[in-house]
Amino acid sequence: MTIIPVILSGGSGTRLWPLSRELYPKQFLPLVGQQSMLQETLAMTQASGDCGHPMVVGNEAHRFIIAQQAQEIGCQLRPIVLEPVARNTAPAVATAAVILAEDNPDALMLVLPADHSFGDRSAFMEAVIAATPAAAAGQLVTFGVKPSSPETGYGYIQPGTAWEAADSVLSVRRFIEKPDSDRAAQFVADGFFWNAGIFLFRAATLLAEMQRYAPDVVTAARAAVSSGAVDLDFFRLGKDAFAAAPSISIDHAVMEKTSQAAVQPIDVGWTDVGAWSALWDIGTKDDDGNVLVGDAMAPQSRNTYVRSEGKLTVVLGVDDVIVVSTDDVVLVAAKDKSQEIKPVVEALRAAGREEADAHVRVYRPWGFYQSVHAGDRFQVKRLTVYPGQKLSLQKHFHRAEHWVVVNGTAIVTRDDEEILLRENESVYLPLGCVHRLANPGRQPLNIIEVQSGSYLGEDDIVRIEDTYGRK
């Protein structure tokens, strides 16, 4: 029986700020390997011949990032389901189930967050296959992680007896919310599991149980799908219908209430990468316990996590700290305070600081741009256009632009002209001209853009034609 991976990619990853930000959160970052966490999750499921093409449910603002990252690893996706607003995991999973059940009510859904890490991916997929008979028979299977410590940041699962048709699957006696340290230690001693928030079940079974215990979620999900629309490679859920769904997790909506819950134990080096301290836990350490990522040094220091996204970053004579250096922000935090970053981001957002949500590098469906320098009535940017992609046909009312090709080949539309530019060649775009930049080559095109004028904001763009359906 084919398993359909359903990858939940709607999170904002606030606790991994400043690397993870709302417009480019942690699931799109290479935090534990060379690929992004989304790419590693997709690749893990596609390495198993038992899985079909994945369905990704994600934030509408991230749609082109999801598509691009899947394309980079050669993963063919089902239409990407776009959430118009955030509504936690139950509505997201319910809409996926509605869509899959229309084709096959018996479809097995493997629900995975996009931002979890597995030390042994093949062992995890073996556990999924082992749980398949129970899920096909109508059990709502969750995956319970064998604890390595009395962690207070996770919920717990108390297992029961073995399921009759698969010894590895156990019944669930109860789910327990995040405990204090004493209760967590007792849970570990009693053989409880961490609740990983990963599930395997038939689409029809989930909808039936959700109809029993959370009917308003199912009603909203069905309405959101029926009022949704296909847009390029995406499926946009109906905004008003989806917004009417309660914001509730699948655990609270169904798993804690159903009598059909089962647990498949796993011991595969799992972590939800929920804080910088988690990356220190799973990182490669030097003799002093330091994890160094990028151009970083930590002389006379112990048990630190130092990550540089560019400039040389040195910490000297400090212990148990987190240091993260990006182009526009440096975070220094005590390691035991790394779970408390969210209030800092909320304070920045309340103050109107762009650093709360956006990186210096801003991603677009055609590639990305990055501010290099800005001053009075001018701004310099770097533009990178992916092979075969092009910007919208557009004009500006308040600025003129110069484009200089650093490397690659560009085709520039300027009013009625079409101009071919190669390395070290440039073009001037006067204020008000209709223009477009395209990369006809097989390599990324890098451009230096110099803007000058009375107003340089991104909202001074009049799109005349756009390949990606933007307005």
Legend entry - Residues being surrounded by 19 or more Cβ atoms within 10 Å (Cβ to Cβ) and touching a residue at least 60 places away in the same chain (Cβ under 8 Å) - total across the range 52-63: 1
Inset, instruction - Please work out which residue is surrounded by the most Cβ atoms within 10 Å (Cβ to Cβ), limiting yourself to the range 286-331 and to residues that are under 22 Å from the mean Cα position of the chain (by Cα) and among the charged types (D, E, K, R). - result: ARG307
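Can we say THR413 is modelled with pLDDT under 95 and of a type in the set (Val, Ile, Thr)? Full working, then the answer.
Details: modelled with pLDDT under 95: no; of a type in the set (Val, Ile, Thr): yes.
When the stated conditions are applied, THR413 does not pass them.
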Inset, instruction - Inspect all residues belonging to the range 281-300 and state whether any of them is modelled with pLDDT under 95 and of a type in the set (Val, Ile, Thr). - result: yes
Legend entry - Selection within the range 423-460 - of a type in the set (A, V, I, L, M) and either exposed (fewer than 15 other Cβ atoms within 10 Å of the Cβ) or in a strand (DSSP E or B) (or both): VAL427, LEU429, LEU431, LEU437, ALA438, LEU445, ILE447, ILE448, VAL450
Legend entry - Residue that is modelled with the lowest pLDDT [pool: residues in the range 304-361 that are in a loop (DSSP other than H, G, I, E, B) and of a type in the set (Val, Ile, Thr)]: VAL360
Inset, instruction - Could you tell me which of the residues VAL412, VAL380 is over 33 Å from the mean Cα position of the chain (by Cα), assigned to a strand (DSSP E or B) and either aliphatic (A, V, I, L, M) or under 22 Å from ILE66 (Cα atoms) (or both)? - result: VAL412
Legend entry - Candidates LEU312, LEU331, filtered to the one that is free of Cβ contacts under 8 Å to residues at least 24 places away in the same chain and farther than 17 Å from GLY457 by Cα: LEU312
Inset, instruction - Starting from residues that are in contact with a strand residue (DSSP E or B) (Cβ under 6 Å, 6 or more places away or on another chain) and hydrophobic (A, V, I, L, M, F, W, C), keep the ones in the range 129-148 and report whichever is surrounded by the fewest Cβ atoms within 10 Å (Cβ to Cβ). - result: ALA130
Legend entry - Filter result for PHE201 (more than 21 Å from PHE175 (Cα to Cα), touching a residue at least 60 places away in the same chain (Cβ under 8 Å) and assigned by TED's automatic domain parsing to the domain that holds MET125): no
Inset, instruction - Check the range 118-128 and report whether any residue there is surrounded by 24 or more Cβ atoms within 10 Å (Cβ to Cβ) and either aliphatic (A, V, I, L, M) or in a strand (DSSP E or B) (or both). - result: yes
Legend entry - Residue list for the range 250-274, restricted to those being more than 13 Å from ALA196 (Cα to Cα) and either of a type in the set (Ser, Thr, Tyr) or in the same structural domain as ALA333 (by TED's automatic domain parsing) (or both): THR258, SER259
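Being among the charged types (D, E, K, R) and more than 24 Å from the chain's Cα centre (by Cα) is the filter here; which residues of the range 212-239 pass it? Let's see the steps before the verdict.
Looking only at the range 212-239, we keep the residues that are among the charged types (D, E, K, R), and these are 212, 216, 222, 231, 233, 236, 239.
Listed by number, the residues that qualify are ARG212, ASP216, ARG222.
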Inset, instruction - Would you mind telling me which numbered condition in (1) surrounded by fewer than 16 Cβ atoms within 10 Å (Cβ to Cβ); (2) touching a residue at least 40 places away in the same chain (Cβ under 8 Å); (3) closer than 26 Å to HIS62 by Cα ASP240 fails? - result: (2)
Legend entry - Residue in the range 386-402 that is of a type in the set (A, V, I, L, M), surrounded by 16 or more Cβ atoms within 10 Å (Cβ to Cβ) and over 18 Å from ARG463 (Cα atoms) present: no
Legend entry - Enumeration of residues in the range 171-180 that are farther than 20 Å from PRO113 by Cα, part of a loop (DSSP other than H, G, I, E, B) and of a type in the set (D, E, K, R): ASP180
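The values are calculated or read from the model by the stated rules, or taken from the named source; none is laboratory data. None of these values were measured; they are calculated from a predicted model. As a convention, Cβ positions derive from the backbone with ideal geometry for all residues, glycine included, and neighbour counts pool all protein chains shown.
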